[in-house]
Amino acid sequence: MQDQFLRQIDYLRISVTDRCNLRCKYCMPVEGIQWMPHDSILSFEEILRLMKISIQLGFRRFRITGGEPLVRKGILDFLREGAQLPGVEDLMLTTNGMLLPEMAFDLKAAGVHRVNISLDTMDPERFRDNARGGDVSSVIQGIFRSLEAGLNPVKINVVVVRGFNTDELPNFLTLAKQYPLHIRFIELMPIGISSEHRNDFVSIQEMKELLEIQEYHPTQDITGGGPAEYFRPNGFKGSIGFISAMSRHFCGTCNRVRLTADGKLRPCLHSKHEVDLRTSLRNGSTDAMILDRFAKAIWHKPAEHHMNDEAWQGERVMSQIGG
Ligand code: SAM
Ligand code: SF4
C-alpha cells in the first residue's frame, strides 16, 4: 500500500528474537542488554498471522532478522511455512553467519531465497574483539556454504568504523572480484550504543576514496530494491555497494516497515514511534481490526529520519529492532 507521501510500502522486516550469539561493539553495550521476557516475544504463529495480514495490504517481500534469527528454536519450520504463504515473493534472512556452515542448505530447502551476511573484518583477532566472541572462520565458511546451497544473491554487510576496519576495505574488494559476492559498505548509524561514537563514523565519500577505484559504473542487476547503490568494476564476479543512511539518506524511496520481536510495528527505523500489534493479537482482535491498525501505521510513516541531529538518540539498540 501507499503511505501519505505516495511511497509504495511492500517490504516487511521481521525481528524474530532480540537474542544473539555475538555482542558486536556497535550494536550492543558491553554489559549486554536485558533480554525481552519469553512471553513478550511473538510466537511464530502470531508472526505468520501478521504476515498474512500484511500480504492483504500488498506486502510481498519479507526479511527475517534479529538479534540473530538462526538462534531461535524452530526457525526452519517457521521459514518453511512463511515461504509457502501465497503472496510471499521474496523471503530473505539477515544473519551474522555463525551458524550458516550447518544451516545454509536447510535454509535453501526451507524456501529462503537469499541471505545477507554480516562480516566487518576478516581478521580473526579483530573479529573476536569486535564481536566479543565468535569465530570469523565459521562466518567465512558459512558464506561459501550459502553460495554452494544456491542462496542467491549472497550479500555481505560491512559496517565501516574508523579505527577498526577502514584498512580492510581493499580486502573486501578482492572478495567481490574473485567470488559472486555483493559487498555492501554501510555507514555507522548512531543507534543505541553507537550514538556515543559519532566520531567513528566514516562517510561513503571517504570509503570510496579509501577504495581508490577510479571509475564507478552503476549496475542495476543485483536483486534488492533496497537503498544500496551497486557497482561492478570490470572483471568482477561480484559487486560492491554503498548504503548511506546518514550522508545521503534514502527516506524518499523507503519501501519498508519493521516488526520488532515483541510485536511492535515500527514505521521508521529511526523514529521512536511504534504501534503495538502484540496486544491486538492477544486481545481477540479480528484480522480486519489488526489490518486497520497496520494500515494506519503505514499511512503515518514519517517523511524522513532525524539521525543527523546531534540530540538524536535511539531508545532501542539495533539488535532489538533488527537493523
Ligand atoms: N545478527 C544479524 C546480523 O548481525 O546480521 C542480524 C541483526 S543485525 C542488528 C542487522 C545488521 O545491522 C547487521 O548487518 C549489523 O552489522 C547492522 N548494524 C548493527 N548496528 C548498526 C549500526 N549502529 N549502524 C549500522 N549498522 C548496524
Ligand atoms: Fe548480534 Fe547482529 Fe547485533 Fe552483532 S550486529 S550483536 S550479530 S544482532
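The values are calculated or read from the model by the stated rules, or taken from the named source; none is laboratory data. Only a predicted model underlies this, so the values are computations on that prediction, with no experimental measurement involved. Neighbour counts run over all protein chains shown; Cβ positions are idealised from the backbone, glycine included. Accessible surface areas use protein heavy atoms only, side chains included; no ligands, DNA or RNA. Shrake-Rupley method; radii C 1.70, N 1.55, O 1.52, S 1.80 Å.
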Show the residue pairs that are 6+ apart or on different chains and have beta-carbon atoms under 6 Å apart, the first residue being within the stretch 187-201 and without any contact (Cβ under 8 Å) to a residue 12 or more places away in the chain and assigned to a loop (DSSP other than H, G, I, E, B), the second being more than 7 Å from ligand 1 (Cβ to nearest atom) and open to solvent by 60 Å² or more (accessible area, probe 1.4 Å). none
Do we have any residue at all in the stretch 83-93 that's of a type in the set (V, I, T) and touching a residue at least 40 places away in the same chain (Cβ under 8 Å)? no
Within the stretch 1-39, the residues that are open to solvent by 20 Å² or more (accessible area, probe 1.4 Å) and more than 20 Å from the chain's Cα centre (by Cα) are M1, Q2, Q4, F5, L6, V30, E31, Q34, P37, H38, D39
Mind listing whichever residues of the stretch 73-96 are within 16 Å of ligand 2 (Cβ to nearest atom) and open to solvent by 50 Å² or more (accessible area, probe 1.4 Å)? none
Over the stretch 260-288, the set of residues open to solvent by less than 20 Å² (accessible area, probe 1.4 Å) and hydroxyl-bearing (S, T, Y) is T260, S280, S285
With the requirement that a residue be open to solvent by 10 Å² or more (accessible area, probe 1.4 Å), within 18 Å of Q320 (Cβ to Cβ) and within 20 Å of the chain's Cα centre (by Cα), what does the stretch 46-62 give you? none
The stretch 111-133, residues that are farther than 17 Å from G67 by Cβ and surrounded by fewer than 21 Cβ atoms within 10 Å (Cβ to Cβ): G111, H113, M122, D123, P124, E125, R126, R128, D129
Within the stretch 1-12, is even one residue within 13 Å of ligand 2 (Cβ to nearest atom) and in a strand (DSSP E or B)? no
Would you kindly identify the strands (runs of 3 or more DSSP E) lying entirely within the stretch 63-169 that contain at least 1 residues that are under 20 Å from the mean Cα position of the chain (by Cα) and hydroxyl-bearing (S, T, Y)? 90-95, 114-118
How many residues does the stretch 97-133 contain that are more than 11 Å from ligand 2 (Cβ to nearest atom), under 16 Å from L22 (Cβ atoms) and touching a Gly at 6+ places or on another chain (Cβ under 6 Å)? 2
Which of the following residues is more than 16 Å from ligand 1 (Cβ to nearest atom), aromatic (F, W, Y), out of contact with any Leu (no Cβ under 8 Å at 6 or more places or on another chain) and modelled with pLDDT under 85: Y230, Y216? Y216
Those residues of the stretch 179-191 that are open to solvent by 10 Å² or more (accessible area, probe 1.4 Å) and within 16 Å of ligand 2 (Cβ to nearest atom) come to a total of 4
Output for the stretch 21-46, where each listed residue is in contact (Cβ under 8 Å) with a residue 24 or more places away in the chain and more than 16 Å from ligand 1 (Cβ to nearest atom): S40, L42, F44, E46
Assess whether G192 counts as being out of contact with any strand residue (DSSP E or B) (no Cβ under 6 Å at 6 or more places or on another chain), modelled with pLDDT under 75 and closer than 27 Å to K25 by Cβ. yes
